[in-house]
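Just below is one structure, and these are the notes that go with it.
Just so it is clear, none of the values below were taken in a lab; they were calculated from the coordinates. Everything numeric here is computed off the predicted structure, so don't read it as measured data. Cβ: placed from backbone, ideal geometry, glycine included. Neighbour counts: every protein chain shown.
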């Protein structure tokens with residue numbers, strides 16, 4: 001079947017946004033998010049068909065006419081899971097018996113209602129971004145939202161809809177909502193980023209990448225001189241002009257380089273510098289200092305970006321030949337990209 005874009009129901013996001021509101025702040029706008037998933041029509045569990053989306057919109061349009069729906073959903077949610085009430089700073093300490101008459105609680109309930117309504121009305125929109133699930137997972141991990149939280153909210157929402165609509169909430173409509181909420185939770189759980197996968201805003205590296213690279217490097221670092229030498233030989237054979245950047249052995253035949261004193265000094269220097277940079281990756285200040293030093297010293301020599309990219313590519317080839325896993329190689333790719341961008345930035 002033809003592949004198409006399907007909008008997933010993400011009205012619960014308004015809840016997660018509300019949980020992240022800092023004490024003492026006032027919410028003046030409502031932000032809602034929709035996302036898309038490419039899938040074959042009806043071929044996977046949790047994917048919404050056009051009919052299911054129609055059922056969700058129809059039943060929602062009926063339920064939202066009752067102004068008590070939003071407060072009931074939020075009230076039942078925090079009653080069933082009182083630990084979540086603490087995440088709403090405006091009514092964190094309000095007794096549950098007073099919530100339904102508390103202005104801040106009601107305002108938050110209708111904020112969630114408004115967000116959910118906008119998303120449901122957008123279920124058939126074609127102008128949706130396919131990468132939103134990844135962004136959503138990363139954003140809400142930092143706010144403390146978890147997949148189970150979305151599951152629990154969905155259960156309460158379904159219960160309130162069933163009571164509100166009575167016989168109008170048919171078995172078919174209930175299943176449509178179950179599928180929509182299941183797709184939502186599955187998408188978030190799959191793309192939710194853990195703390196170790198969040199990149200540092202300055203170094204652009206994640207703890208996961210640093211751990212993978214340092215661990216795999218430790219297994220081969222004792223042979224780093226031979227590793228760098230093999231890369232240089234391949235690099236100079238591929239692009240002879242790169243060898244000319246090294247004046248002390250620029251005119252030595254490539255096959256005669258191993259054993260050449262000046263060449264071996266350069267190999268040891270590069271190998272040790274690489275070792276230092278990798279070892280210091282979990283020390284942000286030292287890492288940034290090393291990258292800036294490399295950028296300064298090599299800019300003076302007029303070395304362009306190309307040789308750095310070629311060196312990185314050949315290093316990945318060597319690592320692969322030494323049995324470094326595909327997952328670790330992905331981390332190496334990310335780290336080497338950061339190194340190259342720092343040492344020789346792309347010119348606009």
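Key figures for this structure:
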item: Mean separation of Cα contacts under 8 Å (6+ apart) over length of segment 207-343, as relative contact order %; result: 38
item: Where labels lie 7 Å past Cα in the beta-carbon direction, separation of residue 346 and residue 197 in nm; result: 2.4
item: Shape box of segment 60-100 [Cα atoms, principal axes, largest first, Å]; result: 33, 16, 16
item: Cα centroid of segment 313-344 to Cα centroid of segment 231-272, whole Å; result: 21
item: Residues 59, 297 arranged by fewest to most Cβ contacts within 10 Å; result: 297, 59
item: Gyration tensor over alpha-carbon atoms, segment 215-292, equivalent ellipsoid semi-axes in Å; result: 26, 14, 10
item: Sorted by Cβ neighbour density within 10 Å, fewest at the top, the residues 344, 167, 331; result: 167, 344, 331
item: Whole-number D in µm²/s for segment 207-343 (Stokes-Einstein; Kirkwood sum over Cα pairs; 37 °C, 0.692 mPa s); result: 212
item: Simple label model, 7 Å out from Cα along Cβ direction - residue 159 to residue 62, nm; result: 2.1
